1. Using 0.36 nm per residue, how much length does the chain from Thr43 to Leu66 gain when fully extended, once their Cα-Cα distance is taken away?
2. First measure r as the distance between the Cβ atoms of Phe51 and Ile172, then evaluate 1/(1 + (r/R0)^6) with R0 = 41 Å and state the FRET efficiency to the nearest 0.05.
3. Residue by residue, what Karplus-based ³J(HN,Hα) values in Hz, rounded to whole numbers, does segment 150-163 have, using 6.51, -1.76 and 1.60 with θ = phi - 60° and x for Gly and Pro?
Amino acid sequence: MIRADVTYTIEHFKEIPFIYVPFNQRMMWLAITAVSTAVAMFTILMGENFFNLFTGLAIISWFGILFYIIFNYVLFNPQKMFKKYSESQPDSHIILEFGDISLKATIESQTTNGVNESLYDVFESSRENDKFFVIRVKNSGAYVIKKSEITVGTPDELRQLLTDKLGSKFKIRK
């Protein structure tokens with residue numbers, strides 16, 4: 001059994017990207033947007049029809065970038081989410097126990113106490129970086145565990161368990 005005693009901080013909330021796009025893909029989309037916008041502006045200034053391939057590509061790219069920014073940085077801003085969580089769950093901490101067939105989460109706070117058990121089959125994905133494990137559970141949100149919060153077992157044991165149970169759903173990101 002692996003156990004972690006988690007008290008959420010702003011660091012935990014910053015680890016939950018709602019739409020994860022790797023840096024090189026973001027740069028590629030920004031380059032496509034910049035080039036298509038420049039070519040579209042050039043063709044419009046040269047007297048060509050406004051609706052051409054490049055203006056269409058530029059418009060779609062700009063809407064995609066705008067959606068990504070609004071979704072990740074405005075609607076699901078980590079500071080706002082942490083503030084709401086802190087207001088609704090003051091002084092709470094979660095005890096996560098990883099067993100052979102499920103993850104048991106025990107929530108303890110002044111306002112809420114309860115136990116939630118999730119089979120590994122309902123995990124959407126999981127990832128690890130140098131400081132955290134992030135586990136997404138279908139229709140239930142995510143659990144974020146700082147490696148230093150693991151009280152029974154080690155991060156290596158948790159990595160192995162998640163690799164065994166989730167297979168390709170578990171990713172390691174540096």
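1. This chain segment gains 5.9 nm when fully extended.
2. With a Förster radius of 41 Å, E is 0.35.
3. Karplus-based 3J(HN,Hα) across segment 150-163 equals 6, 9, 10, x, 10, x, 5, 5, 5, 4, 5, 4, 5, 5 Hz.
Rule-based calculations on the coordinates, nothing more; no lab input. As the structure is a prediction and not an experimental result, all values here were calculated from the model. Heads up, the Cβs are rebuilt from the backbone with ideal geometry, glycines too, and the neighbour counts pull from every protein chain shown.
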